[in-house]
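First comes the structure, then the notes that go with it.
The values are calculated or read from the model by the stated rules, or taken from the named source; none is laboratory data. Given the structure is predicted, the values throughout are model-derived calculations rather than measurements. No Cβ is skipped: glycine too gets one built from the backbone with ideal geometry, and neighbour counts run over all protein chains shown.
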Amino acid sequence: MPSDQCVIKNDILYLPVALRGRLSEDQLKPIIASSIVFYYTPRIQMKENLALVGFLLAPMLALVVTLALAGPILAPGGPPTLLSLLFIPLFVIWPFVVIFYGGYLISMTIRRLWLEADRITAKVIGRETLLEAFKKMRDEGFPDEGRLGIRRNYLLASPQDSQRPSISERIENLAKMKA
């Protein structure tokens, strides 16, 4: 479980073990609030679902429709034409491009949604309160945060890491917000 996010499953709040004894109750509340905003704000959940549909399902559906429409035109029953032979690599490569690039776009979208949840939380409970909690977490030096801070290639990162902003990114996001 990420050290800077709470997980809510079946209406039960799970806190990371790494936080146990490191943050006070007052410092945990902003972290919990940000997680609740992420998991229960309809607009954020709608954007997350639309990212899945838009970046994975829609391109695959476009491929199926293209195959259905272009198939009879490219190979009308005779020997394969040059045009139909040129399309074969496209049809073979397209699903891989959609899966990898679509997964990358979904991960980036979810990361932006976490940052949006932080901004919403900061407007409700106060930017300084949330910043203080994140700075305390940054100073604690959790192992997963060190890993997130040095990642460069989001496409090859593990799904859990590629969908999470680091604490430094979350602090920068809040620092850019107007007071």
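For this structure, a couple of remarks:
- When each of Leu28, Leu56, Leu83 is tested for being at pLDDT below 80 and touching a Leu at 6+ places or on another chain (Cβ under 8 Å), the lone residue that passes is Leu83.
- Some residue of region 107-126 being crowded, with 17+ Cβ neighbours inside 10 Å and at pLDDT below 85: yes
- Figure legend. Inter-residue proximity from region 87-108: first residues under 21 Å from Glu48 (Cα atoms) and polar (S, T, N, Q), second residues surrounded by 14 or more Cβ atoms within 10 Å (Cβ to Cβ) and at pLDDT below 80, beta-carbon distance below 7 Å, spacing 6+ or different chains. Indicated pairs: Ser107/Tyr154; Ser107/Ser162; Ser107/Gln163.
- Enumeration of residues in region 9-64 that are among the charged types (D, E, K, R), surrounded by 12 or more Cβ atoms within 10 Å (Cβ to Cβ) and over 17 Å from Lys123 (Cα atoms): Arg22, Lys47, Glu48
- Residue list for region 11-45, filter: assigned to a helix (DSSP H, G or I), within 17 Å of Gln163 (Cβ to Cβ) and free of Cβ contacts under 8 Å to residues at least 24 places away in the same chain: Gln45
- Given (1) of a type outside the set (Phe, Trp, Tyr); (2) under 30 Å from Glu128 (Cβ atoms); (3) modelled with pLDDT of 80 or more, number of the condition Ser3 does not satisfy: (3)
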